[in-house]
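Derivation of every value follows stated rules applied to the coordinates shown; laboratory data play no part. The model shown is predicted, which means the values in this text are computed figures rather than measured ones. Positions of Cβ are generated from backbone atoms using ideal geometry, with glycine treated the same way; all protein chains shown enter the neighbour counts.
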Amino acid sequence: MNRFALVSLLFLLSACGSDSAVEKAARQAIVDGNTIHWARGSAGSAGSTLDRAVVLGSDYTSSALDAFEPEPATLRRNLLTVSGDAVLKRIGTRLAVLNRGGDSNIILLDEALAPGLQVSLPKCGPHDIVLLPGDRALVTCYEAARLRIVNLLTGDVQDGPDLAPFADADGIPEADHMAVYERRVYVSLQKLDRTKMFAPTGNGLLVAIDADTLMILDADPTTPGVQAYDLGCTSPYTTIETGPDGKLYVGCSGAFDPTGVAALVTFAPSTGLAQMYADAAAMGGPPSALRLDSKGVPYVLVSYPDAMQVQEMRVVRLGESVEVVLRNPGFSLSGLAITGDDSVLVGNRVVGLPSGIWAIDAQRRVAGALKTSLAPFDIEMF
């Protein structure tokens, strides 16, 4: 379930504080028809280059897939139509479309973005997928306690590790995102009460799983039973990003009341310790998306001042100081990506100009909007 419902609102771009130069640059880009571009050659985890921005647009009834090649500038629209509740995830040399909710299936696309294997996952609600050794993949199920193991050659599905021991009273731990680090799979658990509008029942957890045996690893052998790691924040919501410092980064959205703890936290696999990197006050609100640039600097997409009373959405850089690099009124931004030259791509869901994909380069120059088939919801470099 996507707890951050997006709505279409009137667009008015403003820069951080009174910095009108960014605003003027953005407007001039529209007038001149400047092309969004970035440098080629960013190295991917599989050794390939991640030059292409793949955008999933959605009207919540259906979703459309677009692809943008920067050099030469080429936009291919409506490559694939999928469910209205879908997200993207790059896994090696393939791109996965995870159809969440009632559709509950995964479509794997090849490097040419041609559909290949499609796997049905009844009663799962897949939220993330990662590669395992031996042509297998592990999938989180938001609607079930067990993970799923998918054979990437045959499409066969098996039950995976059971996370029910970490669930609250409703029996479902809300397994969300994953990251693989040093032959371990780390899974974020939101722990929400489905009888109380998905309110957090406690801090979010991180479960460690051996990537080879798929055994759940005990975070605290001195305590009876198998333990998970406490993230110290509520409802881990963003992707889990791996930094060059060997730490895992995840953003927690908190709750829809003051009892929740929204924050960006880091987790050190070497020590098993989670630490707060930035709280909601520092970021300007709860995060809904997270990416790291090539130097490991986090960028977050936040709702200011909170998710219930959104005045504007912001793209925030959390370097040595906190910097708002883009802001937009209302609940209007969705999808965040970092290109090979550390340009930031963000989707604006406003109907009409200037909705689409915006790019902000390292000098904070803004270009856009790149029109997409449907209002952008998710962006993945592939």
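In this rough spin-label picture, where each label sits 7 Å from Cα along the Cβ direction, the Val297-Met215 distance is 4.3 nm. The three principal axes of the Cα atoms in region 112-180 give end-to-end lengths of 43, 22, 19 Å, sorted in falling order. Inverting the mean 1/r over all pairs of different Cα atoms, compute the Kirkwood radius of region 150-282 and quote it in Å. In region 150-282 this quantity evaluates to 15.4 Å. For the peptides 77-83, 217-223, the ranking by mean Cβ contacts within 10 Å, running from highest to lowest, is 77-83, 217-223. Net charge dipole, region 104-209: roughly 180 debye, given to the nearest 20, about the Cα centre with Cβ charges of +1 for Lys and Arg and -1 for Asp and Glu. Put simply, the amide H of Leu217, placed in the peptide plane, has neighbours under 5 Å in Ala208, Ile209, Asp210, leaving out anything fewer than 5 places away on its chain.
Restriction of the trypsin sites (Lys or Arg not before Pro) in region 257-315 to DSSP coil positions whose beta-carbon has at most 16 other beta-carbons within 10 angstrom yields Lys295.
The loop-placed GluC sites (Glu not before Pro) in region 259-340, going by DSSP, that have at most 11 neighbouring Cβ atoms within 10 Å of their Cβ come out as Glu320. Projecting the Cα atoms of Leu56, Pro133, Thr81 onto the dipole axis of region 42-182, where Lys and Arg carry +1 and Asp and Glu carry -1 at the beta carbon, places Thr81 farthest toward the positive end. Restricting region 121-179 to trypsin sites (Lys or Arg not before Pro) that sit in a DSSP loop and have at most 16 other Cβ atoms within 10 Å of their own Cβ leaves Lys123. Mean projected area of the convex hull spanned by the Cα atoms of region 72-126, taken over all viewing directions: 4.2 nm². Using a Förster distance of 41 Å, how high is the FRET efficiency between Thr259 and Ser62, based on the Cβ-Cβ distance and rounded to 0.05? Once rounded, the FRET efficiency stands at 0.70. Straightening the chain between Gln309 and Arg183 buys 41.2 nm, computed as 0.36 nm per residue apart minus the Cα-Cα spacing.
Ordering Gly246, Val226, Phe267 by Cα displacement along the dipole of region 222-333 toward the positive end leaves Gly246 in first place; charges were set at the Cβ atoms of Lys, Arg (+1) and Asp, Glu (-1).
Note on Arg194 and Ala268: the extension gain reaches 23.6 nm, defined as 0.36 nm multiplied by sequence separation minus the Cα-Cα distance.
Relative contact order, whole percent, for region 178-223 stands at 32, derived from Cα pairs under 8 Å and 6 or more residues apart. Taking the Cα atoms of region 214-327, the ratio Rg/Rh between the radius of gyration and the Kirkwood radius comes to 1.02.
How high is the FRET efficiency from Thr93 to Ala73, r the C-beta distance, R0 22 Å, rounded to 0.05? Calculated transfer efficiency: 0.40.
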